[in-house]
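Written below as structure tokens is the structure these notes are about.
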Amino acid sequence: MELLRDGIDEIRDSLNDRERELLEDRLLADEPLTLQEIGERYGVTREAVRQMENRLMGKIREQLKSRLGQ
């Protein structure tokens, strides 16, 4: 878990505002917002938010892979 937190902290500064809010409000929140709620906030569809979430998860995965030397 600590490795994941450290990896997220390292990429946080490289994220744009939407990605950072998605990370905080959906992925790390105790009561995460729905795709619909986030989409309404930005005026985009749930599908667009889902795609953004997938790209963000990919960035997190790549960061963790590089930390593990893979």
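Kindly provide the set of residues from segment 46-70 that are part of a helix (DSSP H, G or I), farther than 17 Å from ASP17 by Cα and either open to solvent by 70 Å² or more (accessible area, probe 1.4 Å) or of a type in the set (Ser, Thr, Tyr) (or both), ordered by number. Within segment 46-70, ARG46, GLU47, ARG61, GLU62, LYS65, SER66, ARG67, LEU68 qualify. Figure legend. Inter-residue proximity from segment 1-19: first residues open to solvent by less than 70 Å² (accessible area, probe 1.4 Å), second residues among the hydroxyl-bearing types (Ser, Thr, Tyr), beta-carbon distance below 8 Å, spacing 6+ or different chains. No pairs are indicated.
The values are calculated or read from the model by the stated rules, or taken from the named source; none is laboratory data. Fair warning: this is a prediction, and the values are worked out from it, not measured in the lab. FYI the Cβ positions are ideal-geometry reconstructions off the backbone, even for glycines, and counts take in every protein chain you see. Heads up: the accessible areas ignore ligands, DNA and RNA and are worked out on the full protein's heavy atoms, side chains in. Shrake-Rupley method; radii C 1.70, N 1.55, O 1.52, S 1.80 Å.
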